[in-house]
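Asks: Before anything else, here's the structure in question.
The values are calculated or read from the model by the stated rules, or taken from the named source; none is laboratory data. All figures in this text were calculated on a predicted structure; none of them were measured in a lab. Here Cβ is always computed from backbone atoms with ideal geometry, including for glycine, and neighbour counts include all displayed protein chains. Please note that ligands, DNA and RNA were not included when accessible areas were found on the heavy atoms of the full protein model with its side chains. Shrake-Rupley method; radii C 1.70, N 1.55, O 1.52, S 1.80 Å.
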Amino acid sequence: MKRKALFSVIIPLYNKADYILKTLSSITYQSFEDYEVVIVDDGSTDDSVEKICLHFQDERIRIISQDNSGPAKARNTGVQNALSEWVVFMDADDYFLPNAFKTFHSLITTNPDIDYFITNYYFKSKDQCVLATQKRHHGVVRHPFYWEYLGFLSGRPGTELIRMSLMKQCLFNEQYRRYEDAECQYRIINKTETFQTDIPVMITDRDASEAASFRKNIEEDFLGHLEFQGKSFWEQMQLYKLALEAREGYGDEVGVRYKHVLGSFRYKITNKVMRFIYKKFLRHRPSVIPFCELVKNDVL
């Protein structure tokens, strides 16, 4: 029987042959080694799987294949087959920094009562890397939806460490193929405390990203299913931001779907005032780092 690792890294894979080897290398080079990798091949039509099998002979790496069903289904399949107490989701075109797993291990051991951790990350565009959130914080976030609304919460695949028992209560909604991770995150935030640290653990490559594009059918996007009733005020404000984004991507259909929300004076004036406060008092100057500097300083 396979030995149970401390945490499972779950990677949904669909036609990422040009990136997956770098992603897996960033995992196998980790200084902390008590992990497993569950790759869920979501019906790839390129040679992604063949490349993995050719370059990695590591018993900690498992590949599960399924018909193309989208990232939510792939992640849920990974959860159902994972053997660890903790789970980290990772996209197949991003990569971890060398001490990422050591950071995860430290968070777990020093905060045994926490079920959900968020770390920081860099996003890379061309040859520049920018830290996702400049707000320095290490500890429980008392008002996570307020932080989310301001852009101070850096949760995304690769930065979140989730206790498996919690994750199994908050599986991804398989109807969504866009922003399914945000919808899942909001349910997690409403269930447990959120612990955030400003330590960066990974890099997301915006030049490689494709998932951000709007869907042809809004029903496949979480932005088409925003529910405001029964939510806290700052969760409503975060959803209002998403409704504005949806209007930009889907046009008149969203205007009808969220007519009362988009016409709400309370949301409009709060958003306007908070944008002013953010620009005047809360915005931090971004730390832009040339990618070559990360390499030179042995960060990668």
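Asks: For the structure I just gave you, tell me whether residue 40 is touching a residue at least 60 places away in the same chain (Cβ under 8 Å) and buried (at least 21 other Cβ atoms within 10 Å of the Cβ).
Replies: Values: touching a residue at least 60 places away in the same chain (Cβ under 8 Å): no; buried (at least 21 other Cβ atoms within 10 Å of the Cβ): yes.
For residue 40, the condition - touching a residue at least 60 places away in the same chain (Cβ under 8 Å) and buried (at least 21 other Cβ atoms within 10 Å of the Cβ) - is not met.
Asks: What residue, of 24, 13, 6, is within 21 Å of the chain's Cα centre (by Cα), open to solvent by 10 Å² or more (accessible area, probe 1.4 Å) and in contact (Cβ under 8 Å) with a residue 12 or more places away in the chain?
Replies: On the way: 24 fails: open to solvent by 10 Å² or more (accessible area, probe 1.4 Å); 13 fails: open to solvent by 10 Å² or more (accessible area, probe 1.4 Å).
One residue alone meets the criteria, 6.
Asks: Return the residue satisfying two criteria in turn: it lies in segment 172-191 and is more than 14 Å from residue 239 (Cα to Cα) and of a type in the set (Lys, Arg), and of such residues it is surrounded by the most Cβ atoms within 10 Å (Cβ to Cβ).
Replies: Among those that are more than 14 Å from residue 239 (Cα to Cα) and of a type in the set (Lys, Arg), it is 178.
Asks: While we're looking at this one, here's another question. Please name all residue pairs, on different chains or six or more residues apart, with Cβ atoms under 6 Å, provided the first residue is in segment 50-76 and is under 30 Å from residue 220 (Cα atoms) and the second residue is open to solvent by less than 40 Å² (accessible area, probe 1.4 Å) and among the aromatic types (Phe, Trp, Tyr).
Replies: 72/172; 72/176; 75/89; 75/172; 76/172
Asks: Checking the conditions here, which among 41, 58 is of a type in the set (Asp, Glu) and more than 20 Å from the chain's Cα centre (by Cα)? If you could, list the steps in order and put the result at the bottom.
Replies: Numbers: 41 fails: more than 20 Å from the chain's Cα centre (by Cα).
Every option except 58 fails the conditions.
Asks: Can you find even one residue in segment 222-238 that is aliphatic (A, V, I, L, M) and modelled with pLDDT under 95?
Replies: If we filter segment 222-238 for residues that are aliphatic (A, V, I, L, M), which is where we start, we get 223, 226, 237.
Now drop any that are not modelled with pLDDT under 95, which leaves none.
There is no residue in segment 222-238 that is aliphatic (A, V, I, L, M) and modelled with pLDDT under 95.
Asks: May I pose another question? Among the residues of segment 277-300 satisfying the criterion of being within 23 Å of residue 153 (Cβ to Cβ) and in a loop (DSSP other than H, G, I, E, B), which is modelled with the highest pLDDT? Full working, then the answer.
Replies: To start, the set of residues in segment 277-300 that are within 23 Å of residue 153 (Cβ to Cβ) comprises 277-289.
In the following step, the residues that additionally are in a loop (DSSP other than H, G, I, E, B) were identified as 283-287.
On the way: 283: 82, 284: 78, 285: 73, 286: 74, 287: 72.
Taking the candidates together, the pick is 283.
Asks: How many of the residues making up segment 141-199 are among the small types (Gly, Ala, Ser), under 15 Å from the mean Cα position of the chain (by Cα) and within 20 Å of residue 84 (Cα to Cα)?
Replies: Taking segment 141-199 and keeping what is among the small types (Gly, Ala, Ser), we get 151, 154-155, 158, 165, 182.
Filter again for under 15 Å from the mean Cα position of the chain (by Cα), leaving 151, 154-155, 158, 182.
Now restrict to residues that are within 20 Å of residue 84 (Cα to Cα): 158.
Qualifying residue count for the region: 1.
Asks: Considering every residue within segment 119-134, establish whether at least one is of a type in the set (Ser, Thr, Tyr) and more than 15 Å from the chain's Cα centre (by Cα). Even if it seems obvious, please write down each step before you answer.
Replies: From segment 119-134, those of a type in the set (Ser, Thr, Tyr) are 119, 121-122, 125, 133; that's our starting set.
Subsequent filtering for residues that are more than 15 Å from the chain's Cα centre (by Cα) retains 125.
The answer is yes; a qualifying residue exists.
Here is a yes/no grid of residues against (1) buried (at least 16 other Cβ atoms within 10 Å of the Cβ); (2) in contact with a Pro (Cβ under 8 Å, 6 or more places away or on another chain); (3) acidic (Asp, Glu); (4) on the phi > 0 side of the Ramachandran plot:
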| site | (1), (2), (3), (4) |
| --- | --- |
| 62 | yes, no, no, no |
| 87 | yes, no, no, no |
| 98 | no, no, no, no |
| 105 | yes, no, no, no |
| 122 | yes, yes, no, no |
| 127 | no, yes, yes, no |
| 150 | yes, no, no, no |
| 153 | yes, yes, no, no |
| 157 | yes, no, no, no |
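Asks: Residue by residue through segment 47-60, note down the ones that are exposed (fewer than 14 other Cβ atoms within 10 Å of the Cβ) and modelled with pLDDT of 95 or more. Please lay out each step first, then the result.
Replies: Of all residues in segment 47-60, those exposed (fewer than 14 other Cβ atoms within 10 Å of the Cβ) come to 47, 50, 53-55, 57-59.
Matches in segment 47-60: 47, 50.
Asks: Please specify each residue of segment 244-276 satisfying the condition of being over 27 Å from the mean Cα position of the chain (by Cα), small (Gly, Ala, Ser) and part of a helix (DSSP H, G or I).
Replies: Within segment 244-276, just 255 meets the criteria.
Asks: Quickly run through segment 77-108 and pick out the residues that are without any contact (Cβ under 8 Å) to a residue 60 or more places away in the chain and either touching a strand residue (DSSP E or B) at 6+ places or on another chain (Cβ under 7 Å) or closer than 17 Å to residue 168 by Cβ (or both). Walk me through it before giving the result.
Replies: Here is the first cut: in segment 77-108, the residues without any contact (Cβ under 8 Å) to a residue 60 or more places away in the chain are 77, 80-81, 106.
Listed by number, the residues that qualify are 77, 80, 81.
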